[in-house]
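These notes concern the structure reproduced below.
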Amino acid sequence: MVRYAEPGAVEWVESGGGPLIAVPETVLPFWTGADGEDADSDYDRACEVDGHVGLLPVGDATALVLGDEPASTAYLPEHGTFVRWCAADSEDEVLAGVPAALDTAEWQPEVAWNVPGPVLLFDAAWPGDASERAAEARPGPETWLGLVRLRRIDGA
């Protein structure tokens, strides 16, 4: 994880160039990353996700792939959103742009993700034991964010 601001502020997760993935803790040992023995590794499956988000089966659960580009990503619980730093001069600029981005985003179709508990966000190339909606928004002339908003579905 990378920290751009004061300790405890926001922790950003980065990848080595591929997608990030949020895997439920209960199935982390089943995610093999790029180390898989099959011809198509879990990492290869994650790279095949087309668009901003997609779901992949992992064990008896499902992981959320944050595709499109390998942008630094942080989860902001106060907004229930993964924020992807696509372009901005500073972390302050990214964080200041989030409310406007959420208000003006043109959301892609929802993806229903059933999560059995806590998840861990990491580079999809890593094995798991080592470690809903999406949009792009430009809340300022030099600020560009990717957003993946999570919301609880009643009864879930």
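The values are calculated or read from the model by the stated rules, or taken from the named source; none is laboratory data. These figures come from a predicted structure and were not determined experimentally. Here Cβ is always computed from backbone atoms with ideal geometry, including for glycine, and neighbour counts include all displayed protein chains.
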Exercise for the section: State yes or no: is E69 within 16 Å of W12 (Cα to Cα), in contact with a Cys (Cβ under 9 Å, 6 or more places away or on another chain) and part of a loop (DSSP other than H, G, I, E, B)? Expected result: yes
Practice task
Scan the stretch 98-124 residue by residue and report those that are over 22 Å from S15 (Cβ atoms) and touching a Lys or Arg at 6+ places or on another chain (Cβ under 9 Å).
Solution key: L102, T104, A105, W107, P109, E110
Handout entry: Residue list for the stretch 74-112, filter: buried (at least 20 other Cβ atoms within 10 Å of the Cβ) and under 13 Å from the mean Cα position of the chain (by Cα)
Key = A74, T81, F82, V83, R84, W85
Exercise for the section: Of the numbered conditions (1) hydroxyl-bearing (S, T, Y); (2) touching a strand residue (DSSP E or B) at 6+ places or on another chain (Cβ under 6 Å); (3) at pLDDT 85 or above, S131 fails exactly one; give the number of that condition. Expected result: (3)
Practice task
Select from the stretch 47-66 the residues that are among the small types (G, A, S) and part of a loop (DSSP other than H, G, I, E, B) and write down the one among them that is surrounded by the fewest Cβ atoms within 10 Å (Cβ to Cβ).
Solution key: G51
Practice task
Please determine, by comparing only the residues of the stretch 10-39 that are over 16 Å from the mean Cα position of the chain (by Cα) and more than 25 Å from V115 (Cβ to Cβ), which one is modelled with the highest pLDDT.
Solution key: A39
Handout entry: Residue match in the stretch 69-77 (condition: over 23 Å from D129 (Cα atoms) and modelled with pLDDT of 90 or more)
Key = yes
Completion exercise
Exactly one of D60, D50 is more than 11 Å from the chain's Cα centre (by Cα), at pLDDT 90 or above and not small (G, A, S), and that residue is D60
